[in-house]
Amino acid sequence: MTAAAPLEIRGLTKVYGDIVAVDDVDLTVAEGNVYGYLGPNGAGKTTSLRMMLGLIRPTAGSVQLFGRDPQLGVRALEGVAGFVEEPRFYPYLSGRRNLELLAAFDGGGAAARIDEVLSVVELSDRAADKVRGYSHGMRQRLGIAAALVRGPRLLLLDEPTTGLDPAGMRDMRALIRRLAGGGMTVVLSSHLLGEVEELCDRVAIIRTGSVVYEGTIAELKRTATGAYRLRTTDDDRALEVCRAQPGIVDPRRSAGAIHFNAGEAAVAALSAALVEAAAAPVELTPQAASLETLFFRLTEGQDGAAAPEPVEVA
Amino acid sequence: MNPGILTVYRWELHKLRFQKRTYLGLGAAAIVPILFAIAVSVRNGHPNEVAFGRYIHQTGLAIPLVILLFGAVWMFPLITALVAGDIVASEDHNGTLKTILTRSLERGQIFGGKVLAAVTYAVVAILLNGAVAVAAGSLVSGFKPLTTLSGTKVSAPSALGLIGASLLVYLLPILALACIGLLLSTITRNSAAAVVGTLMFSLMMQLIGVLPGLGGTRPYLLSSQFDAWEGLLRQPVDWAPIGHAAWVCPLYALPALAAGYLVFLRRDVAGG
Ligand SMILES: Nc1ncnc2c1ncn2[C@@H]1O[C@H](COP(=O)(O)OP(=O)(O)OP(=O)(O)O)[C@@H](O)[C@H]1O
Ligand SMILES: [Mg+2]
């Protein structure tokens with residue numbers, strides 16, 4: 001028998017009144033993956049993670065953590081840690097005391113890891129202060145520490161870089177990469193495409209509760225078509241080549257250059273064809289990050305759904 | 001060591017040590033008898049309308065008993081509710097339920113630890129109140145024999161024993177109220193609502209008891225059980241009201257606890 005996957009979700013659905021917050025989500029996260037759970041505000045990321053952690057009951061479907069259902073008891077959380085939204089602690093206790101409490105609730109050797117995890121998140125010198133006085137970034141790091149104290153094999157993080165300054169974001173991402181490098185499986189929700197692209201091997205893109213893409217980032221990039229701007233030594237000729245070339249969508253001239261839409265593979269083929277046709281490219285530049293265009297298309301859609309707020313790209 | 005209900009209990013007590021309301025409640029439980037004793041020492045009058053009221057100048061041992069009678073109206077219910085009504089709701093307030101429910105303890109164990117902590121606090125508050133009242137009372141009126149409700153006198157040491165036993169009997173309705181507080185704390189998810197709600201419940205019980213035509217309900221009201229200890233202060237001891245309280249109080253406590261437990265077990269933790 002093969003070992004159960006760290007996370008396996010089937011038909012997961014959560015309905016709040018009229019709102020279908022999570023709609024029939026299926027996904028499997030394999031051991032050692034860094035998995036991105038990407039979606040705009042209100043897409044259902046947090047709600048999904050809450051069900052993964054057993055905090056709320058699914059309306060339908062199931063979550064399995066290493067083959068165990070968190071609805072059936074807390075044993076399913078063995079080897080699993082994480083947080084949803086902003087990590088919360090007892091404000092009147094120190095950071096260290098909070099970790100001691102949580103380590104006591106974990107049992108096993110958790111308490112012995114406290115010093116180590118405090119230094120991993122660089123909170124050792126503020127650990128004696130009450131959490132009441134912590135900044136958002138410190139709380140976020142204490143949240144990671146609280147998760148690591150469990151010694152997890154699967155880490156579930158809900159937008160861990162939200163609200164951090166650029167340096168804080170960089171450090172948090174470096175930490176996640178380090179943890180993943182050590183073999184930990186990480187599921188990370190985010191509304192930042194750049195972040196997921198930077199950290200994750202696989203991604204599920206969700207929109208109003210449904211998965212609209214699931215696969216590797218590399219595959220996603222292959223299917224992504226973006227807008228390009230092209231200038232060559234002979235633009236008239238180049239335009240003809242573009243029109244003849246498969247995969248080049250809507251080539252047209254404007255503002256002293258040729259503009260078209262295409263996927264990466266088609267663009268590569270085009271530049272070879274141009275050289276062959278003696279219209280060597282002088283400039284061939286993507287006009288918008290093609291992934292980003294795709295992300296907007298996937299998450300905004302055409303079916304009358306309200307456009308989500310603009311996606312920041314870090 | 002595997003974590004369990006005692007782990008939660010130990011940490012709940014630790015957390016109580018860092019919360020103002022704990023000291024507010026215990027402070028009130030300790031200060032009221034002191035203020036009362038001071039008032040007794042500077043004034044000659046005494047509350048005639050209440051049992052033991054007219055003995056407060058004869059012996060300090062009457063003072064804790066008078067406080068038990070007065071305290072039943074709202075002071076002890078409030079002190080009890082202050083922590084019981086907060087102990088689950090404060091997790092909602094701090095958003096920490098999600099933090100503690102994603103560790104290795106079942107929800108039932110967390111709830112159990114909280115019940116034990118709320119009960120411990122209530123017991124400590126009542127016993128502290130009794131101890132301070134005996135000490136302060138003895139200082140101002142002396143450690144002297146006490147006249148019982150039957151008019152007979154008992155020696156000071158035996159009276160002390162009877163006061164101790166009375167405090168324990170008094171804990172029956174107090175702990176039932178704590179359970180109501182825990183239920184409201186779990187359902188309302190709001191500390192203030194649960195504290196006020198518990199107090200309102202207690203006052204409503206007293207109101208029902210005095211409404212014309214509802215006198216028949218009196219023996220079964222929680223508020224009436226606050227008088228059960230008086231049976232100990234008769235000679236011979238009247239065990240009937242104590243036995244009665246011993247089954248009426250759980251009739252309030254256990255369903256409240258069970259309901260609170262089930263709600264806590266099943267609820268979605270979506271806040272915070
Ligand atoms: N407790 C709740 N009661 C009612 N509706 C809820 C509740 N929690 C979430 N929702 C709704 O479910 C949908 C998904 O919310 P969710 O918080 O999961 O989104 P999200 O992807 O985490 O968004 P964000 O990026 O803003 O954190 C939203 O429409 C939200 O209003
Ligand atoms: Mg969210």
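The values are calculated or read from the model by the stated rules, or taken from the named source; none is laboratory data. Source: prediction; values computed, not measured. Because the Cβ atoms are built from the backbone with ideal geometry, glycine has one as well, and the counts that use them run over all protein chains shown. Ligands, DNA and RNA are stripped out before the accessible areas are found, and what is left, the full protein with its side chains, is counted by its heavy atoms. Shrake-Rupley method; radii C 1.70, N 1.55, O 1.52, S 1.80 Å.
Per-structure values
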| item | result |
| --- | --- |
| Per-region count, region A:135-161, residues buried (at least 17 other Cβ atoms within 10 Å of the Cβ) and more than 14 Å from every other protein chain (Cβ to nearest Cβ) | 7 |
| Which listed residue is at pLDDT 95 or above, within 10 Å of another protein chain (Cβ to nearest Cβ) and over 22 Å from the mean Cα position of the chain (by Cα), from A:LEU118, A:LEU53, A:LEU102 | A:LEU102 |
| A:ARG202 being charged (D, E, K, R), over 23 Å from A:LEU53 (Cα atoms) and more than 16 Å from ligand 1 (Cβ to nearest atom) | no |
| Members of region A:160-187 found to be within 16 Å of ligand 2 (Cβ to nearest atom) and at pLDDT 95 or above, listed by number | A:VAL187 |
| Close pairs (7 angstrom Cβ cut-off, 6 or more residues apart or separate chains): within 16 Å of ligand 2 (Cβ to nearest atom) in region A:79-97, open to solvent by less than 20 Å² (accessible area, probe 1.4 Å) and among the acidic types (Asp, Glu) anywhere | A:PHE83/A:ASP158; A:VAL84/A:ASP158; A:GLU85/A:ASP158 |
| Test: B:VAL32 is within 10 Å of chain A (Cβ to nearest Cβ) and surrounded by 15 or more Cβ atoms within 10 Å (Cβ to Cβ) | no |
| Criterion violated by A:ALA3 - all others in (1) more than 12 Å from every other protein chain (Cβ to nearest Cβ); (2) part of a loop (DSSP other than H, G, I, E, B); (3) closer than 20 Å to A:ILE205 by Cα satisfied | (3) |
| Qualifying residue in region B:20-43 (condition: of a type in the set (S, T, N, Q) and free of Cβ contacts under 8 Å to residues at least 40 places away in the same chain) | no |
| From A:VAL80, A:VAL74, residue being within 11 Å of chain B (Cβ to nearest Cβ) and at pLDDT 95 or above | A:VAL80 |
| Which numbered condition B:GLY60 misses (of (1) within 12 Å of chain A (Cβ to nearest Cβ); (2) under 26 Å from B:VAL124 (Cβ atoms); (3) not in a helix (DSSP H, G or I)) | (1) |
| Checklist (1) open to solvent by less than 30 Å² (accessible area, probe 1.4 Å); (2) assigned to a helix (DSSP H, G or I); (3) free of Cβ contacts under 8 Å to residues at least 12 places away in the same chain applied to B:THR80, failing item | (3) |
| Entirely in region A:31-134, the helices (runs of 4 or more DSSP H) that have 3 or more residues that are within 29 Å of A:GLU195 (Cβ to Cβ) and open to solvent by 10 Å² or more (accessible area, probe 1.4 Å) | A:45-52, A:114-120 |
| Matching residues, region B:115-155, being assigned to a helix (DSSP H, G or I) and either open to solvent by 50 Å² or more (accessible area, probe 1.4 Å) or over 26 Å from B:ILE174 (Cα atoms) (or both) | B:LEU116, B:VAL124, B:LEU127, B:LEU128, B:ALA131, B:ALA135, B:LEU139, B:VAL140, B:SER141 |
| Selected residue (criterion: farthest from ligand 1 (Cβ to nearest atom)) from residues of region A:16-30 that are surrounded by fewer than 16 Cβ atoms within 10 Å (Cβ to Cβ) and in contact (Cβ under 8 Å) with a residue 40 or more places away in the chain | A:ALA30 |
| Selected residue (criterion: nearest to ligand 1 (Cβ to nearest atom)) from residues of region B:252-272 that are without any contact (Cβ under 8 Å) to a residue 60 or more places away in the chain and in a helix (DSSP H, G or I) | B:ARG266 |
| Close pairs (9 angstrom Cβ cut-off, 6 or more residues apart or separate chains): at the interface with another protein chain (Cβ under 8 Å from one of its Cβ atoms) in region B:1-19, part of a loop (DSSP other than H, G, I, E, B) and of a type in the set (Phe, Trp, Tyr) anywhere | B:LYS15/A:TYR90; B:LYS15/A:TYR92; B:PHE18/A:TYR90; B:PHE18/A:TYR92; B:GLN19/A:TYR92 |
